[in-house]
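Some notes on the structure that comes next.
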Amino acid sequence: MEESKLLPGSIKSKIADSDNKIFVSVVSIWEIVIKRNLKKIRVDFDIETSIEKAGMEVLAIEASHALATEKLPNWHKDPFDRMLVAQATCEKLMIITKDEKIKKYDVSVLA
């Protein structure tokens, strides 16, 4: 959505490929809003509209996701990242991340 230079072209092309269904977790949206309000990041666009225009789907937090965090090894202390791992595990989704701690979990990662 912001054309980040940190995101490799190979990953950008997978996101742009209409054959791939792309989800944005409510967890990620929540973290962006918190960091924007704390002035840690600058996000000058409407997040919800941008997700919709990009053809992505919002992934809600379900009770099963929250409960799954309890079963995760304690490799990552960040509750946002733990929830993302739990969601990906429960929904059999792949996470796009460079976070080495997330890669330790039994979850599919595109980095």
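The values are calculated or read from the model by the stated rules, or taken from the named source; none is laboratory data. Everything numeric here is computed off the predicted structure, so don't read it as measured data. Ideal geometry is used to build each Cβ from the backbone, glycine not excepted, and the neighbour counts take in all protein chains shown.
Quick look at the numbers
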quantity: Tally, over region 48-65, of residues that are without any contact (Cβ under 8 Å) to a residue 24 or more places away in the chain and either within 24 Å of Asp17 (Cβ to Cβ) or surrounded by 14 or more Cβ atoms within 10 Å (Cβ to Cβ) (or both); calculated: 4
quantity: Failed item in (1) among the polar types (S, T, N, Q); (2) closer than 19 Å to Ile15 by Cα; (3) at pLDDT below 95, with Gln87 passing the rest; calculated: (3)
quantity: Sole residue being under 17 Å from Val109 (Cα atoms) and surrounded by 14 or more Cβ atoms within 10 Å (Cβ to Cβ), chosen from Thr89, Thr69; calculated: Thr89
quantity: Residue check, Phe45 in a loop (DSSP other than H, G, I, E, B) and either of a type outside the set (D, E, K, R) or closer than 15 Å to Thr97 by Cα (or both); calculated: yes
quantity: From Ile102, Ile95, residue being of a type in the set (A, V, I, L, M, F, W, C), under 22 Å from Leu7 (Cα atoms), part of a helix (DSSP H, G or I) and under 15 Å from the mean Cα position of the chain (by Cα); calculated: Ile102
quantity: Given (1) exposed (fewer than 14 other Cβ atoms within 10 Å of the Cβ); (2) farther than 20 Å from Lys98 by Cβ; (3) touching a helix residue (DSSP H, G or I) at 6+ places or on another chain (Cβ under 9 Å); (4) not hydroxyl-bearing (Ser, Thr, Tyr), index of the condition Lys77 fails; calculated: (2)
quantity: Ser50 polar (S, T, N, Q) and in a helix (DSSP H, G or I); calculated: yes
